[in-house]
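Below: one structure, written as structure tokens.
The values are calculated or read from the model by the stated rules, or taken from the named source; none is laboratory data. In this text, all values refer to a predicted model and were calculated from it rather than measured experimentally. Heads up, the Cβs are rebuilt from the backbone with ideal geometry, glycines too, and the neighbour counts pull from every protein chain shown. Accessible surface is based on the protein model in full, side chains and every heavy atom, while ligands, DNA and RNA are left aside. Shrake-Rupley method; radii C 1.70, N 1.55, O 1.52, S 1.80 Å.
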Amino acid sequence: MLEKLKKEVYEANMQLPKLDLVTFTWGNVSGIDRDSGLFVIKPSGVAYEQLKPEDMVVVNLKGEVVEGKLNPSSDTPTHTVLYNAFSKIGGIVHTHSPWAVSFAAAKMDIPAMNTTHADTFYNAIPAADALTQKEIEEDYEGNTGKVIVRTFKERNLDYEATPGSLVSQHGPFCWGTTPQKAVYNAKVLEVVAEEDYHTLQLTRANSELPQYLLDKHYYRKHGKNAYYGQDNAQSMTHAKRS
Ligand SMILES: [Zn+2]
């Protein structure tokens, strides 16, 4: 069942140690098949070097295991909440990457301070509230997803334009249209967190990007007028000729 997606999710998980985004087993990637409403996620606590595509666990949008010999990631309820709330995402990544965790521990948004940030994230990456004792005792992992969804609603953020969030005192969750893109976004988030940390050490001056530079970089890569890269090479040539 969903063998192609299992391979894709397996490969996305294997990218995490390669990109220095995880230590030990502290991370997971999932990917969803929207037609069947089933998602595939890494099993819980298996070392990356022992992981195989067939170990991936298939789960439905109620968070119930549909297929798999191993237990799914303990963060499966978080993924379930995010897939239900954010209907256009195709993949989710959770890591404890250290620069992102530093901002999460400080309960600080990752501000948009450079064009690397603006190329992928259209806003500051929010630090969603830390969970209350009640939320932790009641349904820790499910409420971790809910706190992200609540933050996006409260701040009126577009989850497609800001494809990731911190959870205060915990770490980053990122998403994308595919598991691979979610991993890409998780690495960008980690890189900009490190860069912002250093910027904040170097200056107390307001270094946040002006809106016009943020717009320039974000819309160069996203939306109908994007022109970065090769995807639209034909249409650009055509446009120039006409
Ligand atoms: Zn975690």
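With a 1.4 Å probe and every protein chain kept in, tell me what percent of the accessible surface of the stretch 41-114 is carbon plus sulfur. List each step's numbers first, then the result.
Numbers: 1640 of 3140 Å².
Carbon plus sulfur share of accessible area: 52 percent.
Other residues whose C-beta falls under 14 angstrom from the C-beta of Gln50 contribute a net charge of 0, scoring Lys and Arg +1 and Asp and Glu -1. Among the listed pairs Lys18/Lys224; Lys52/Lys224; Lys6/Lys187, those whose Cα-Cα separation exceeds 31 Å are Lys18/Lys224; Lys52/Lys224.
List, in the order given, every pair from Lys62/Lys88; Lys7/Lys216; Lys107/Lys146 whose Cα-Cα distance in the structure shown is over 29 Å. Listed pairs above 29 Å: Lys7/Lys216.
For the chain, pairs of C-alpha atoms spaced more than 33 angstrom apart make up 19 percent of the total. A Förster radius of 41 Å, combined with the Cβ-Cβ distance separating His96 from Gln230, puts the computed FRET efficiency at roughly 0.75. Taking all protein chains into account, the per residue accessible area for the chain stands at 52 Å² (1.4 Å probe). Spatial offset of the stretch 51-96 relative to the stretch 168-202 amounts to 20 Å, using the alpha carbon center of each.
From the square roots a ≥ b ≥ c of the eigenvalues of the alpha-carbon gyration tensor of the stretch 18-116, which class results: rounded (a/c under 1.5), prolate (a/b over b/c), or oblate? Show your work: numbers first, answer last.
Values: a/c = 2.23, a/b = 1.41, b/c = 1.58.
Oblate, because a/c is 1.5 or more while a/b does not exceed b/c.
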